[in-house]
1. Tell me, which strands (runs of 3 or more DSSP E) lie completely within region 18-100 with 1 or more residues that are over 22 Å from Thr118 (Cβ atoms) and either open to solvent by 70 Å² or more (accessible area, probe 1.4 Å) or touching an Asp or Glu at 6+ places or on another chain (Cβ under 7 Å) (or both)?
2. Among the residues of region 101-113 satisfying the criterion of being among the polar types (S, T, N, Q) and open to solvent by 40 Å² or more (accessible area, probe 1.4 Å), which is nearest to Gly63 (Cα to Cα)?
Amino acid sequence: EVIGDPDPDYVARIRKGEKTAPPIMALAWAMPALWPPKEPSEPHEKIEHALSEGGYPVLLGVGLEQDFKRPIRIGDRLSYKVKVEGVSAGEQDTRMGRGYLVDLLYSFQNQAGELVSTHKYKLLALSRLAPRSSAAAAKEA
């Protein structure tokens with residue numbers, strides 16, 4: 001239901017090997033638990049922490065490109081690596097406010113070392129969200 005597959009026999013068909021896990025879930029599986037809080041250990045967590053400590057605590061996902069290479073099957077064990085591909089040299093002006101753009105590349109592999117998917121994720125780190133103008137609010141009403 002959450003992934004939008006209307007098939008009422010989804011689980012039964014996965015167990016028979018007729019369906020695979022939804023590839024879109026790979027990035028969700030890589031997200032750290034929100035509780036209990038822990039020290040950042042991954043490269044992307046460290047840069048997000050550094051930006052937050054530097055006065056840019058608002059993080060927004062503003063872009064995502066995904067490339068699915070292989071199906072994910074029941075029993076697969078996935079691992080991933082995250083590479084910080086880039087950080088803007090200076091603040092960027094956006095409709096959301098001024099901030100830094102961060103480009104991350106997630107690469108997922110199965111237990112055989114086969115590339116399953118890649119996800120290019122773009123973050124915008126802001127000091128605060130830009131206030132909405134009264135004209136923009138009236139236009140949306």
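1. By residue number, 92-94.
2. Gln109
Per-residue answers, yes or no, for (1) modelled with pLDDT under 85; (2) closer than 13 Å to Leu105 by Cα:
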{"position": "Ala30", "(1), (2)": "yes, yes"}
{"position": "Glu42", "(1), (2)": "yes, yes"}
{"position": "Lys46", "(1), (2)": "no, no"}
{"position": "Asp67", "(1), (2)": "no, yes"}
{"position": "Pro71", "(1), (2)": "no, no"}
{"position": "Ser79", "(1), (2)": "no, no"}
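The values are calculated or read from the model by the stated rules, or taken from the named source; none is laboratory data. What you are looking at is a predicted structure, and each value in this text was computed from that prediction instead of being measured. In this analysis, Cβ positions are derived from the backbone assuming ideal geometry, glycine residues included, and neighbour counts consider all displayed protein chains. In case anyone asks, the SASA skips ligands and DNA or RNA and just uses the protein heavy atoms, side chains included. Shrake-Rupley method; radii C 1.70, N 1.55, O 1.52, S 1.80 Å.
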